[in-house]
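Have a look at the structure below, then the notes.
All of the numbers you see were taken from the coordinates with simple rules; none came from a lab. Since we're looking at a predicted model, the values are computed, not measured. Here the Cβ is made from the backbone with ideal geometry for all residues, glycine too, and neighbour counts use every protein chain on show.
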Amino acid sequence: MTVQFHYAIRPATVRDAPVIARHRVAMFTEMGHVPGDELASQLLAASTSALESRLQDCTYVGRLAVGPGEQVLAGAGVHVRPQLPRMSSTGKSITTGPVPLLVNVYTEPQWRGRGVARALVRALMRWTADQGFDHMVLHASDAGRPLYVSLGFAATNEMRWSPWLSSSVEQPC
Ligand SMILES: CC(C)(COP(=O)(O)OP(=O)(O)OC[C@H]1O[C@@H](n2cnc3c(N)ncnc32)[C@H](O)[C@@H]1OP(=O)(O)O)[C@@H](O)C(=O)NCCC(=O)NCCS
């Protein structure tokens, strides 16, 4: 039997903070980063309030895929973060503005494999280009990497260090 599948993509509003926070916790949990229900609840509460403020001041821009009855099937967002002045991606000018970080890409399990995440990421790529940003960044999960590669995202030279993994700690500011 073929199940009818219709959805629309709409911008997220402040009222969507709880569902986006739930996607965020589910995403990190599926990635194996949230050990236990207590930490999941804390992350949910902290994410809900952080998203409310960032949706309010437009430093978070979200898109949601909604089915009949406004049921949310999937979501994705961009967190617009300040950066120091640098060369632009073309290497021909100086750029000083913030950089959009793609976050909270999540499709409810029963709606996966139907192109919904692809449509949401494409919508945010269009938004990024329309706003005049010269690039967008993200940290890919194993599940998400094939999608981003197929959309033209390239791996960068980012590295990571944590004080608690090292015995030598430099003088902090
Ligand atoms: C990753 C995720 C968002 C994909 O959502 P989705 O709506 O199923 O994705 P789409 O149907 O748009 O598929 C896009 C691409 O993802 C890849 N993909 C999707 N499902 C896949 C699967 N089960 N196995 C391997 N690749 C898969 C394919 O490259 C696919 O492209 P194709 O349709 O041309 O084959 C979803 O699996 C998810 O929410 N995972 C848990 C949270 C997560 O890891 N989010 C990404 C954080 S960076």
Enumeration of residues in region 120-137 that are crowded, with 16+ Cβ neighbours inside 10 Å and within 11 Å of the ligand (Cβ to nearest atom)
LEU120, VAL121
Among strands (runs of 3 or more DSSP E) completely within region 7-108, the ones holding 2 or more residues that are exposed (fewer than 15 other Cβ atoms within 10 Å of the Cβ) and of a type outside the set (S, T, N, Q) are 8-11
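Any idea which residue in region 97-118 is farthest from the ligand (Cβ to nearest atom), counting only those that are over 22 Å from HIS139 (Cα atoms) and out of contact with any Phe, Trp or Tyr (no Cβ under 7 Å at 6 or more places or on another chain)?
Filtering region 97-118 for residues that are over 22 Å from HIS139 (Cα atoms) and out of contact with any Phe, Trp or Tyr (no Cβ under 7 Å at 6 or more places or on another chain), the one farthest from the ligand (Cβ to nearest atom) comes out as GLN110.
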Failed criterion for ARG160 (all others in (1) under 15 Å from the mean Cα position of the chain (by Cα); (2) exposed (fewer than 10 other Cβ atoms within 10 Å of the Cβ) hold)
(1)
Looking at region 1-45 only, could you name the residues that are aliphatic (A, V, I, L, M) and closer than 17 Å to GLY77 by Cα?
ALA8, ILE9, ALA12, VAL14, ALA17, VAL19, ILE20, ALA21, VAL25, ALA26, MET27, LEU44
Mind listing whichever residues of region 138-173 are within 16 Å of the ligand (Cβ to nearest atom) and farther than 30 Å from SER93 by Cα?
SER141, ASP142, ALA143, GLY144, ARG145, PRO146, LEU147
Could you please let me know if ALA143 is part of a helix (DSSP H, G or I) and within 25 Å of ALA12 (Cα to Cα)?
no
